[in-house]
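These notes are about the structure you will find just below.
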Amino acid sequence: MKRVALTLAVVIGLTGASFASEQLARQKGCMACHDMRAKKVGPTYTDIAKRYAGRADAVDYLAGKIKKGGAGVWGSVPMPPQNVSDAEAKQLAQWIMSIK
């Protein structure tokens, strides 16, 4: 019984963290160019997570891309630097990498 309660608490906690991260993405305007599964201006979050799934430094790499922007990785449209803190960039990167 304790194991079930603990598992449920972890799932609820992760769901809450995921919801908060998705809300942060909405608040920061990320959803204007990105979507969970439909291509917009930039790649989908699902495609990003798949591309970097095997990369040990994926969270740090993506957090850096979020903060500094980039070009040429996903095509010709550049991603401008985003106005987020280091902690927010890392939170967003962790959330993206958790998407399946």
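Read the figures in this text as sums done on the coordinates, not as results from a lab. Note that this is a predicted model, so its numbers are computed, not measured. Here the Cβ positions follow ideal geometry from the backbone for every residue, glycine too, while neighbour counts run over all protein chains shown.
Can you sort Met31, Met36 from fewest to most other Cβ atoms within 10 Å of each residue's own Cβ?
On the way: Met31 14, Met36 11.
Lowest to highest Cβ neighbour count: Met36, Met31.
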Residues with amide H under 5 Å from that of Gly70, placed H, sequence gap 5 or more: Met79
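Is region 49-100 best put as rounded, prolate or oblate by its Cα gyration tensor, with a ≥ b ≥ c the root eigenvalues, rounded for a/c under 1.5, and otherwise prolate when a/b is larger than b/c, oblate when not? It would help to have the intermediate numbers written out before the result.
Details: a/c = 1.99, a/b = 1.11, b/c = 1.80.
Oblate.
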Calculated from backbone phi, Karplus (6.51, -1.76, 1.60) coupling profile of region 91-100 in Hz, x at Gly/Pro: 4, 5, 5, 4, 5, 4, 5, 7, 6, 10
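Hey, got a sec? Which trypsin sites (Lys or Arg not before Pro) in region 44-82 land in a DSSP loop and have at most 14 other Cβ atoms within 10 Å? The partial results should precede the final answer.
Details: sites: Lys50, Arg51, Arg55, Lys65, Lys67, Lys68; in loops: Arg55.
Filter output for region 44-82: Arg55.
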Cβ-Cβ FRET estimate between Phe19 and Gln94, R0 fixed at 22 Å, reported to 0.05: 0.95
Set of lysines near Lys90 by C-alpha distance (under 24 Å), chain-local residues within fewer than 8 positions excluded: Lys28, Lys39, Lys40, Lys50, Lys65, Lys67, Lys68, Lys100
